Amino acid sequence: MPADLLPDTLITISDCIVDRIPDRWIIDDREAMKPLKDWYIDRFTISAVDFEATKHWANEALVGGTPKWPGVFVDLEDAMRVRKNFLKNCEDLIIVGVALASDYCQDFLDDTRMQCGNYESGVSEIISKQQQLSRNGTVLGFDILAFHYDEVHNVVCNSDLVKEIAEKHSITPNGFGLYDDLSDANTGADYCNLETTGADEGLWLPWRIVRY
């Protein structure tokens, strides 16, 4: 990552960079998952009792359809309740909302259907229902992201793309590692979609990031 262009701490939903809840480690009971599970328990500062409570919540909630898979909450209050009840000791945990401008929604849905067929991720389901973000959040900027199945790729994960975008288009990230203007983020996304850049698979689009 180009250290001269990026802050020490990034805010993103890319699972290449951040950890999210719920994810496989919390519901997968296979023995092979134990080292990863132990790492996450330490990462989120979860006690053994809180882990079992979080696991019970996640299994019941996912069956009930809220949250969506993976790591997508339909309702802000649910996310805040989970943080308060199970993850209160994790000091660097934040809740963010993501939104896509209406001009890009159909392109995103078409791309995910081409990739995944009938499978619908939590994000694509919410986008298809045109659900709006909860109010009273703080807009931090726009993240350049590509969704590939359940993976979310960020422009920062892709070698020198941030540097190339800055050099070619005079566009640089803000103090959160995001882009202040939709038009700038769209220009960066268009660049990532060029075959010559070698960016990760998926349709690169500008996503608004809101902190709650």
- Can Gly117 be described as of a type outside the set (Val, Ile, Thr), crowded, with 16+ Cβ neighbours inside 10 Å, over 16 Å from the mean Cα position of the chain (by Cα) and more than 16 Å from Ala189 (Cβ to Cβ)? no
- Query: Is there any pair linking a residue in region 120-132 that is without any contact (Cβ under 8 Å) to a residue 24 or more places away in the chain to one that is β-branched (Val, Ile, Thr), with Cβ under 6 Å and at least six apart or on different chains, and which?
  - Reply: Ser124/Thr112
- Query: So which pairs qualify, if the first residue must be in region 185-200 and more than 13 Å from Asn158 (Cβ to Cβ), the second must be at pLDDT 95 or above, the Cβ gap must be under 6 Å, and the two must be at least 6 apart or on different chains?
  - Reply: Ala185/Phe142; Ala185/Ile144; Ala185/Tyr179; Ala185/Pro206; Asn186/Pro206; Thr187/His169
- Is it the case that region 147-154 has a residue that's in contact with a Pro (Cβ under 8 Å, 6 or more places away or on another chain) and more than 23 Å from Glu77 (Cβ to Cβ)? yes
- Note on the structure: Considering region 183-196, residues that are crowded, with 17+ Cβ neighbours inside 10 Å and within 18 Å of Ser102 (Cβ to Cβ), and then whichever is farthest from the chain's Cα centre (by Cα), we arrive at Asn186
- Query: With respect to Gly188, is the statement that it is of a type in the set (Gly, Ala, Ser), in contact with a strand residue (DSSP E or B) (Cβ under 7 Å, 6 or more places away or on another chain) and within 30 Å of Ala61 (Cα to Cα) true?
  - Reply: no
- Would it be correct to say that Asp15 is acidic (Asp, Glu), touching a strand residue (DSSP E or B) at 6+ places or on another chain (Cβ under 7 Å), assigned to a loop (DSSP other than H, G, I, E, B) and more than 17 Å from Asn89 (Cα to Cα)? yes
- Extreme residue, farthest from Thr45 (Cα to Cα), among residues of region 58-110 that are modelled with pLDDT under 85 and outside any helix (DSSP H, G or I): Gly65
- Name the single residue, out of those in region 18-52 being in a helix (DSSP H, G or I) and in contact with a Ser or Thr (Cβ under 9 Å, 6 or more places away or on another chain), that is surrounded by the most Cβ atoms within 10 Å (Cβ to Cβ). Ile26
- Within region 136-157, identify whether any single residue is on the phi < 0 side of the Ramachandran plot and over 17 Å from the mean Cα position of the chain (by Cα), and answer yes or no. no
- Item | Among (1) closer than 24 Å to Asp4 by Cα; (2) surrounded by fewer than 16 Cβ atoms within 10 Å (Cβ to Cβ); (3) in contact with a Gly (Cβ under 8 Å, 6 or more places away or on another chain), the one test that Asn158 misses | (2)
- Within region 94-114, restricting to residues that are buried (at least 16 other Cβ atoms within 10 Å of the Cβ) and in contact with a Lys or Arg (Cβ under 9 Å, 6 or more places away or on another chain), the one that is farthest from Ile209 (Cα to Cα) is Leu100
- Note down all Cβ pairs under 7 Å where the first residue falls in region 63-84 and is surrounded by 19 or more Cβ atoms within 10 Å (Cβ to Cβ), the second is acidic (Asp, Glu) and part of a helix (DSSP H, G or I), and they're at least six residues apart or on different chains. Pro67/Asp78; Lys68/Glu125
- Tally time: how many residues in region 177-200 are more than 13 Å from Ile144 (Cβ to Cβ) and among the aromatic types (Phe, Trp, Tyr)? 0
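The values are calculated or read from the model by the stated rules, or taken from the named source; none is laboratory data. All values derive from a computational prediction rather than experimental measurement. With ideal geometry, Cβ positions are generated from the backbone for all residues, glycine too; neighbour counts draw on all protein chains shown.
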